[in-house]
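The values are calculated or read from the model by the stated rules, or taken from the named source; none is laboratory data. Note that the coordinates shown come from a computational prediction; the quantities given were computed from them, not determined experimentally. Counting neighbours? That spans all protein chains shown, and the Cβs are built from the backbone with ideal geometry, glycine included. Just the protein is used for accessible areas: all its heavy atoms, side chains included, with ligands, DNA and RNA removed. Shrake-Rupley method; radii C 1.70, N 1.55, O 1.52, S 1.80 Å.
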Amino acid sequence: MRSRTRTNALLRTSRPRKGGIIPTFLLLGAVVYFILPIVWVLFASTKTTGELFTTDSFSFGTGFVENIVALFAYENGSFGLWLANSFIYALVGALVSTLLSAGAGYALALYDFPGKKAIMIGLLGGVLLPTITLAIPQYMLFAQLGITNTYWAVLIPVSITPFGIYLAYVYARASVPGELLEAARVDGSTEFRTFRSIGLPLLFPGLVTIFLLQFIGIWNNFLLPYIMQSKSELVPITVAMYLMLNRGGSEPILYSMAITGALVAIIPVIAFVLVLQRFWRLDLISGSLK
Amino acid sequence: MRKNTRLGVAAIAALALTLSACSASGGDDGDTGEAGGVVNLDFWAWGSNIDKRVDVWNAANPDIQVEISAPASGVDMPVQVLSAVRAGSGPDMAQSEFTQLPTYVSAGVLADLESDRDEIVDKFAPEVIDTVTFDDTIFGIPQDLGPALLIYRDDTFEANGYEPPATWDEFRALAEQVRTLDGDKYLLNVSSLDADLLMGLSLQNGAKWWDYSDGDWEVNIDDDATQEVLDYWQGMVEDDLVSTYQTNSPEHIEATASGRILANISGAWAPGPLLNSYPDTVGLWAASQIPQWDASDPKVFARGGSANVVLENSEHKAEAIKFLYWLNASDEGAEGLVEVNKFTAATHGQNLDRAAPALMPDDDTYWPSATEAASHLVNVQWGPNTQVAFTAITDELGDAIEGTVAWDKVLPTVQKVVSDDLAK
Amino acid sequence: MKTPTLRTSTISAKRSHNRFAYVLLLPALILFFVAFVVPIVYSIVLSVFSRRSDGGGAFAPKQDVFVWFENYAGVLADPTFWAGLQRLGIYSLFMVPILVILSIALALLLDLPKVKLRAFSRMAIFLPYGVPSVIAALMWGFLYVPAISPIYQIGEAFGLDFPPLLRGDLIYTAIINVVLWGGIGFNTIIVYTALQSLPKELIDAARIDGCNEFTIARYVKLPHIVPATILTGLFSVIGALQVYSEPQMLSTLTTAINSTFFPLMRVYRDAFAHDDLNSAATASIILAVATVLLSLLVVGIRTLITRRSSHAIQD
């Protein structure tokens, strides 16, 4: 007791008041680096095409309203649709993949059944396989099935994430004790009820992380929707941005609009990240490699 | 938690049902072919303002309704069309750049338009018909054309007493003079994206890259005519007489906007994009014919331009041909295209009196110059793997400009790639 | 009238329990089959076929032909494929260590006790993770143009002449920078979170013993985050081998990136510019196999290191 009080007293007096200047300075340098492009986009989106290439970077232009109007009028008001598509793909995809991961992870963590090893190895292969090398064969397969150019073409591939299953598995192992399940069984609970009322609530924090990771991953995905969708009404914001600059040949390149589009496109996700960052359980990820 | 799960599941189920409804209707490409009813045609096209023309047609033709959609695939559209067609969900008609046509033809997905050959041939110059003819069969109706013109900053030229160059020798001399001006100016910019420019310039010099005889293809990219053109531009790049920004990159646009790049060789469609990128330069540009090797024998090539094709899978080919003919070949169609600022492939449209482009509001000679350029177009013989050649040149040219590949390796490499691909 | 022994009842109970496990797994397995297994098999099939025209006219349509391993030979003999791999190697060789080192450095900085504005910095560092790589490449594309970029202008003000990044060998810097910008935040947070699991008493005891922050970082914190570091290393390697969106977007801004700059770009070009799905499938398979092998290698190294460090701790 006495030594702890003494240690606490020492700690209190030994906390320095200055000396954090250099690290803070370094961190602020990093912060500037990370925020600079976003700030730049903020200023650039206020400029007309003419001003974009002729005025100073950190000055406000006169074209903000004009750019926004043009942006949302582009291609008969498609920009709003593209944002909606991004939301649909990300939200539905993240929800479905989280649910699937929850079930699969729980099953793998808490049950021992024939074929379990084979499934785990298969899933591990899925984790190691680059998702992007899958996109082209998926496209070829889906084209044969005739489901390219539908919402399914993107939703199906993003709804299954071996990494999500793996995270759920790790989390289930860590947070759902086998004894709890045994106790529930002895009490006469069915497996499903146990899962629903005991397992899922315990898994919930980990599931939020999986959901958030998937949401951002799908939102930022470019190659899959680019390959799968050729109808303008189905593409998400990432593909739309690329196309604004790559219509080909004799079409004008719409830099001003693209920059304004970039601004509008990153606002939702940045807000998302900011608001929800305290719900991240990323220790889940670093703990997964034990 | 339970309530949330149930709500969540219900929400997903509802969403899934809605989406399958959407995709069911969205996937309904092609038409519904009711006997005696309305024929619905699917048209995949990206050209700006074509939808206005489609509206005009739809209003006048209630029995043949066209739905136009802009495919989200930019320069890679052909393969997306092909995949859709192979999966049975392709459109009835599509827009295709001239350089993309061989890809469609080799894939065997286009309907030929021989049934209307006479009417079509009547409306276009022979060289223009050549661009849509393969194996002596017509596979598309040309829409717009981009005969090459030299577009230059008239204000700078006047201020320094320059005249637009008539030959390539004069061009080079002018480029040297421009370099002596204040402000690090260049006469022109070249980049790897100008592979089609190289193609065109070689054509201008008499090159014939593909030749079909005795049932076999012969590839002649590595020939004297093309080499001469390449040598010329190698000289321009190595002597720092041209800038080498990537075409239409921010660097390039900044340099042009600040007046550092004085000219470009573009198709007749240039004023629209130029106005869009450089709105402050209205009235400062002028156009002239491109430089020639031999001023007495002018030859012009096309940069850009597109045609419309009918897919073999379409269940309403006759109606599709009817629509496309009206859109691109008929006098009324040509006039409509002119109204939306296209330089038409149809001869009638080229000969119309039209207002000067918005970029050069006082220049009444612009469109006549374009027509004159079009009258000197050289014949083009495309090979079946034009796209392969295209990407090969883009890559090799880019590497040569960057200095990572020797210039004299460019043509042999491209030749090998293209002929190997054909030999497969 | 044999009463069931405890053992058999346990076994049958287990079997009915396991049925539920299968039920839970079924949707995931079905989707895995559809989205992973079938496409892989399909692309293997595609890789042994080719579309050839059989003569009969200049523009004769092509047919599918079984060609054994000709496609593989073709891809492996193609210099542009190896050039792409070589570039990928150079890119990864720089990108991965820098990413891992910077993530660790930033995490350590964030973890220092006297640092101010910790929460704000953490948030700012993580922000780029939410920006799609296509948009990031667009933004940086502008920032790479000397004439209009604030970075170059500031450099000029300080008398520094930053070289243009969009040509020559510096193009690697241009690409790596965009990737780092978007990726450091995620890895930093992983390492930082791992640091939080270090018992406070350990660090405080070290401080009382008179250790300064450097020593603490080196002997206490770093060893603790080795697993997290391996993890970020693995992510970075896999990510590096799959690099696609950033160079694809940047290629519209510079002559220095051609259509086969990285292997995946070549795959894309084959599939979508040349309508040669067979060659694209072949190259995809070669790349996928290489990636899996490399990932296994990294995981193997990680097992070795953790095994060794756990032995060290035991000693």
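A few remarks follow.
- When B:L274, B:L230 are checked against the criterion of being at pLDDT 90 or above, of a type in the set (A, V, I, L, M, F, W, C) and either closer than 25 Å to B:D154 by Cβ or open to solvent by less than 40 Å² (accessible area, probe 1.4 Å) (or both), B:L230 stands alone in meeting it.
- Qualifying residue in the stretch B:306-325 (condition: within 21 Å of the chain's Cα centre (by Cα), of a type outside the set (F, W, Y) and at pLDDT below 90): yes
- Test set (1) open to solvent by 60 Å² or more (accessible area, probe 1.4 Å); (2) within 14 Å of chain B (Cβ to nearest Cβ) - A:V158 fails condition number: (1)
- In the stretch A:125-149, residue modelled with the highest pLDDT [restricted to those that are in a loop (DSSP other than H, G, I, E, B) and surrounded by fewer than 24 Cβ atoms within 10 Å (Cβ to Cβ)]: A:I147
Yes/no per residue for (1) in contact with an Asp or Glu (Cβ under 6 Å, 6 or more places away or on another chain); (2) assigned to a helix (DSSP H, G or I); (3) at pLDDT below 70; (4) open to solvent by 50 Å² or more (accessible area, probe 1.4 Å):
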| residue | (1), (2), (3), (4) |
| --- | --- |
| C:P4 | no, no, yes, yes |
| C:T8 | no, yes, yes, yes |
| C:A13 | no, yes, yes, no |
| C:N18 | no, yes, no, no |
| C:Y22 | no, yes, no, yes |
| C:F36 | no, yes, no, no |
| C:V41 | no, yes, no, yes |
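Conditions (1) closer than 30 Å to C:T173 by Cα; (2) in contact with a Leu (Cβ under 6 Å, 6 or more places away or on another chain); (3) buried (at least 20 other Cβ atoms within 10 Å of the Cβ), marked per residue:
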residue	(1), (2), (3)
C:W68	no, no, no
C:N71	no, no, yes
C:P79	yes, no, no
C:A83	yes, no, no
C:Q86	yes, no, no
C:M95	yes, no, yes
C:V100	yes, no, yes
C:L108	yes, no, yes
C:F120	yes, no, no
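- All positions within the stretch A:76-95 that are more than 14 Å from the chain's Cα centre (by Cα), in contact (Cβ under 8 Å) with a residue 60 or more places away in the chain and open to solvent by less than 50 Å² (accessible area, probe 1.4 Å): A:S78, A:F79, A:W82, A:L83, A:N85
- Among residues of the stretch C:109-129 that are in contact (Cβ under 8 Å) with a residue 60 or more places away in the chain, those with a Cβ under 6 angstrom from a residue that is among the β-branched types (V, I, T) and open to solvent by less than 10 Å² (accessible area, probe 1.4 Å), sequence gap 6+ or separate chain, pair up as C:I125/C:T188.
- Leading residue by the ranking (nearest to the other protein chains (Cβ to nearest Cβ)) among those in the stretch B:98-134 that are assigned to a loop (DSSP other than H, G, I, E, B) and in contact (Cβ under 8 Å) with a residue 60 or more places away in the chain: B:G108
- With respect to the conditions (1) without any contact (Cβ under 8 Å) to a residue 40 or more places away in the chain; (2) over 23 Å from A:I119 (Cβ atoms); (3) in a helix (DSSP H, G or I), A:V154 lacks only one, and its number is (1).
- Helices (runs of 4 or more DSSP H) enclosed by the stretch B:347-424 - at least 3 residues per element that are open to solvent by 40 Å² or more (accessible area, probe 1.4 Å) and modelled with pLDDT under 85: B:407-423
- For the stretch A:8-28, the set of residues classified as open to solvent by less than 40 Å² (accessible area, probe 1.4 Å) and modelled with pLDDT of 85 or more consists of A:L27 only.
- The set of residues in the stretch A:184-221 that are over 13 Å from the mean Cα position of the chain (by Cα), assigned to a helix (DSSP H, G or I) and of a type outside the set (A, V, I, L, M, F, W, C) comprises A:R185, A:E191, A:R193, A:T194, A:R196, A:S197, A:G199, A:P201, A:P205, A:G206.
- Scope the stretch B:175-201; condition among the charged types (D, E, K, R) and either buried (at least 23 other Cβ atoms within 10 Å of the Cβ) or without any contact (Cβ under 8 Å) to a residue 40 or more places away in the chain (or both); matching residues: B:D182, B:D194
- Among the residues of the stretch A:45-75, the ones that are in contact with a Phe, Trp or Tyr (Cβ under 7 Å, 6 or more places away or on another chain), surrounded by 21 or more Cβ atoms within 10 Å (Cβ to Cβ) and facing chain C (nearest Cβ under 10 Å) come to 1 in all.
- Within the stretch A:33-60, the set of residues being over 23 Å from the mean Cα position of the chain (by Cα) and in a helix (DSSP H, G or I) comprises A:W40, A:F43, A:A44, A:T49, A:G50, A:E51, A:L52.
- Being at the interface with chain A (Cβ under 9 Å from one of its Cβ atoms) and not polar (S, T, N, Q) holds for only one residue in C:G185, C:G155, C:G168, and it is C:G185.
- Residue check: A:S256 meets all listed conditions (1) crowded, with 24+ Cβ neighbours inside 10 Å; (2) of a type in the set (S, T, N, Q); (3) more than 24 Å from A:L100 (Cβ to Cβ); (4) at the interface with chain B (Cβ under 8 Å from one of its Cβ atoms) but one, namely (4).
- Annotation note: of B:D92, B:D116, B:D154, the sole residue that is over 27 Å from B:G200 (Cα atoms) and open to solvent by 30 Å² or more (accessible area, probe 1.4 Å) is B:D116.
- Residue within the stretch C:252-263 that is within 14 Å of the chain's Cα centre (by Cα), modelled with pLDDT of 85 or more, surrounded by 23 or more Cβ atoms within 10 Å (Cβ to Cβ) and closer than 23 Å to B:H252 by Cβ present: no
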